Amino acid sequence: MRLSKKWLIGFSLLGIAGLNLAAHAAEQEKDERPNILLIVADDLAYGDLGLSGAITQTPNIDRLAKEGMVFTNFNASPVCSISRGMLMTGNDNSQIGLSAFDYAVYPPSKGKPGYEAYVTRNTTVMISELLKDAGYRTYTVGKWHLGGAGHGGEGPSEWGFDRSYGIYTGGANHWNRGAFHLDVHDPEVAAKIKAGKNPGVPDEPYYEDGNPVKRPIGVFSDELFSGKMLQYLTQGADSGKPFFAYIAYTTPHAPLQAPDFMIDKYVPYYLEKGYAGLKRARFDAQKANGIIDKDAPYPGYSNPLTESWDSLSEEEKLREAKMMATYSAMMESQDYHLGMFLNYLRETGQYDNTLIIYMSDNGPEGSGLHGPLSNPKALNWITGNFSNKIEDIGRGNAFGFIGTNWADAATGGLQWWKWFIGNGGIRTPMIIVPPKNSKFNQAGKIVPDLVSVKDLPMTILDYAGVKHPMSQYQDRTIKAPSGISVRDFLEGDAETTRTEDQPVAFELFGNSYVMQGQYKAIRVRTGMWGDGEWHLYNSVKDPGETTPLEDKDPVRLRNMIAIYEKYAEDNGIVEVADNWNPWHGTLEEDSSKKSH
């Protein structure tokens, strides 16, 4: 890769100049417990990596797939903070204050236990706390989105991280200090909007170790966060302690922005393919690469929210192609910077004794500037403050989404995307590379066994040799996690990850599902383009959820519905009105004040 001068200068942020890393490693007293490197991409689709059908250059992630195990039936939540909460705790989201998503709280649920929209301290313990107690160095950079600094709850410094740097909200400009969204609840902002004035673009607050800091301008987000993490790792290299490094990149989350020199090469491909062509190409590649079942049916183009590529003008096609090209460039950038960490681990002799996990928090963002998943207030703010020129796409003065059509295409063999509980919204890429001194001998294996995001923290603790306290942590009475370790499966001591006696139940926005073995029972409300009925699918053989099986296996469906109903009752799930959705609200208050 040929890097620009500006890009190379930026690597001064890595803070490693003058350090003899090999010497530091040699001086350490040996602690045989493995390091833990946890990398989370933001809004990455199932088909967005080279290994899963994309032409995007992701050689480092693809190499991890060859060294570790690829899980093709890994399920996160349909939105970011919910997944991150389960990832840090091993709990169901409904147990820890995340039955609500802070950007779209259902009004009748406000104030109810479990609907705080941030992680609640009196319900759980984070693995960062447990690992720190056990002698690990604990670091995080990037996106937190679990509370703190005016958002309710607390930032990472209060949850056991020795060092932390980044944002507490759901996103930010990738090049400058600009905020990702406008806070319409801010009285000053609300007053300007009411008066018909442009409220402008506020600065997004950044924090280091809980203290406000100024983000440098002109440094891309991947570089900024990678530099900080390498700084923390090298500064603590003499301690002799293993590390837990949680890197929460904000790529490829909107706004779509990336280094210019990475974008242009992808534009012709997306111009040629269009929406339907890309979906088919990724579907075919996923079959060829073993990411989906070889007999899986193509999900087709039956989605009620998508539109035809041929309906666009030539200018619109070019704009759309450059948006998707920028999205690819964001992933190329992320992969490049991930490679810096892998190089650091190799050069310091730590690579073989590091547990590496790579995942995305949910599917691709299908919201945009037009169509049913757009918001008029957001549209007015974006068009009033950012450039609409095609040549500016990718820069800090522009703001874009891939939108509904590319999001649908990006998943390949799946349907739906972020915000929805169809597989395209909750099934994401996930790779685990165990330490080389473990019993793991299945490098490069691709498996369809069910794994939930809440299983990863339990797996991390297992490899670290740390026992979870389950119901009592220090002076806090907490909820026992329902996540399980998959270490035995990784090391060949278990035939599967979760048995049918270990189902996973979930609810958000009034939409519900249960995963049990290969099967998925799912119910989507009419307000979110479902029919409000329960349906059953074989989620492995039919990942695109094209052929309902409830008529063929009604007993299984009834049993799975019963699992969900108990889950809903145990967790006080608030029933949501049929006509409500996160984009536009529109609910009848009286019809929604019921609980299961």
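What share of the DSSP beta bridges in the chain is antiparallel, in percent to the nearest 5?
Values: 34 of 65 bridges.
Antiparallel bridges: around 50 percent, rounded to the nearest 5.
When only DSSP loop residues count, what trypsin sites (Lys or Arg not before Pro) in segment 218-299 have their Cβ near at most 12 other Cβ atoms within 10 Å? All intermediate terms of the calculation are to be shown ahead of the outcome.
On the way: sites: 228, 265, 273, 279, 280, 282, 287, 294; in loops: 294.
Here the sparse-neighbourhood loop sites are 294.
Just going by the charge dipole of the chain, with Lys and Arg at +1 and Asp and Glu at -1 on Cβ, which of 555, 263, 460 is farthest out on the positive end?
263
For segment 257-336, max minus min Cα coordinate along each principal axis, in Å, sorted largest first?
40, 35, 19
Ratio of alpha-carbon Rg to the 2.2 N^0.38 Å globular estimate for segment 448-596, to two decimals, please. Numbers along the way, then the final one.
Details: Rg = 17.9 Å, N = 149, 2.2 N^0.38 = 14.7 Å.
Relative to the 2.2 N^0.38 Å estimate, segment 448-596 comes out at 1.21.
Give me, ordered by chain and number, the residues 5 or more places off residue 178 or on other chains with an amide H under 5 Å from its own placed amide H.
Amide H neighbours of residue 178, under 5 Å, 5+ apart: 173, 204.
As an exercise, take the mean of 1/r over every pair of distinct alpha carbons in segment 328-395, invert it, and state the Kirkwood radius in angstroms. Spell out each step's value before the answer.
Numbers: mean 1/r = 0.0628 Å⁻¹.
Evaluated on segment 328-395, it is 15.9 Å.
So which trypsin sites (Lys or Arg not before Pro) in segment 30-128 end up in coil per DSSP with only 13 or fewer other C-beta atoms within 10 Å? Mind dumping the intermediate values first?
Working: sites: 30, 63, 66, 84, 110, 121; in loops: 30, 110, 121.
Loop-located and lightly packed - 30, 110.
Helix-only mean residue ellipticity at 222 nm, the chain, DSSP H runs n ≥ 4 weighted -39,500 (n - 2.57), per residue, nearest 500. What is it?
Details: 16 runs with 176 residues, N = 596.
Using -39500 (n - 2.57) per qualifying helix, the result is -9000 deg cm²/dmol.
In 5 Å bins starting at 0, how do the alpha-carbon pair distances of segment 112-160 split up by percent?
Histogramming segment 112-160 at 5 Å steps yields 5, 20, 28, 23, 15, 6, 2, 0 percent.
Let me know the charge dipole size of segment 288-435 about its Cα centre in debye, to the nearest 20, where only the beta-carbon of Lys, Arg (+1) and Asp, Glu (-1) is charged. Mind dumping the intermediate values first?
Numbers: 10 positive and 17 negative charges, 63 e Å.
The dipole magnitude comes to about 300 debye.
Hey, got the dipole for segment 380-459? About the Cα centre, +1 on K and R Cβ, -1 on D and E Cβ, debye to the nearest 20? Display every interim value, and only then the final one.
Working: 8 positive and 5 negative charges, 66 e Å.
In total the dipole reaches around 320 debye.
Sort 162-170, 405-413 by packing, meaning the average of other beta carbons within 10 Å per residue, with the highest value first. Spell out each step's value before the answer.
Details: 162-170: 23.2, 405-413: 29.2.
In decreasing order of mean packing, 162-170, 405-413 become 405-413, 162-170.
How big is the charge dipole of the chain about its Cα centre, in debye rounded to the nearest 20, if each Lys and Arg gets +1 on its Cβ and each Asp and Glu gets -1 on its Cβ?
On the way: 58 positive and 74 negative charges, 153 e Å.
Here the chain has a charge dipole of around 740 debye.
Would you give the gap between the C-alpha center of segment 381-414 and the C-alpha center of segment 422-498, rounded to a whole Å?
What the calculation gives is 35 Å, centre to centre.
Which lysines, on any chain, are close to residue 436 with Cα under 17 Å apart, when same-chain ones fewer than 8 places away are left out?
Answer for residue 436, where 17 Å is the Cα cut-off: 30, 66, 445, listed by chain and number.
Quick test of the membrane-span-like rule: which DSSP H helices of the chain reach at least 20 Å along their long axis (C-alpha atoms) with mean Kyte hydropathy at least 0.0?
On the way: long enough: 221-235 (21 Å, -0.39); 267-288 (24 Å, -0.71); 314-347 (49 Å, -0.74); 554-571 (26 Å, -0.67).
Long hydrophobic helices here: none detected.
On average over all directions, what projected area in square nanometres does the chain have, based on the convex hull of its Cα atoms? If you can, show how the numbers build up before the last one.
On the way: hull surface 102.0 nm².
It is 25.5 nm².
Could you tell me the distance between the Cα centroids of segment 270-311 and segment 499-555, to the nearest Å?
22 Å
Within the set of other residues whose C-beta is less than 10 Å from the C-beta of residue 309, count the net charge using Lys and Arg as +1 and Asp and Glu as -1. Intermediate values should be presented prior to the final figure.
Details: positive: 273, 317; negative: 307, 310, 316, 320.
Net local charge, residue 309 excluded: -2.
What order do you get for 507-515, 305-313 when each peptide is scored by the mean count of other beta carbon atoms within 10 Å, highest first? Walk me through the intermediate numbers first.
Working: 507-515: 24.1, 305-313: 13.9.
Packing proxy ranking, top to bottom: 507-515, 305-313.
With Cβ to Cβ distances under 11 Å as the rule, what net charge do the other residues near residue 46 carry (K, R +1; D, E -1)?
On the way: positive: 282, 427; negative: 48.
Local net charge: +1.
Just want the answer: with Cβ charges of +1 for Lys and Arg and -1 for Asp and Glu, which residue in 399, 350, 380 is farthest toward the dipole's positive end in segment 323-432?
Of 399, 350, 380, it is 380.
When you count, for each residue, the other Cβ atoms within 10 Å and take the mean per peptide, how do 359-369, 198-208 rank with the highest first? The partial results should precede the final answer.
On the way: 359-369: 26.0, 198-208: 16.4.
Ranking the peptides 359-369, 198-208 by packing returns 359-369, 198-208.
Each value in this text was obtained by applying a stated rule to the coordinates, not by laboratory testing. The structure displayed is predicted, hence computed values, not measured ones. Glycine also receives a Cβ, built like all others from the backbone with ideal geometry; neighbour counts cover every protein chain displayed.
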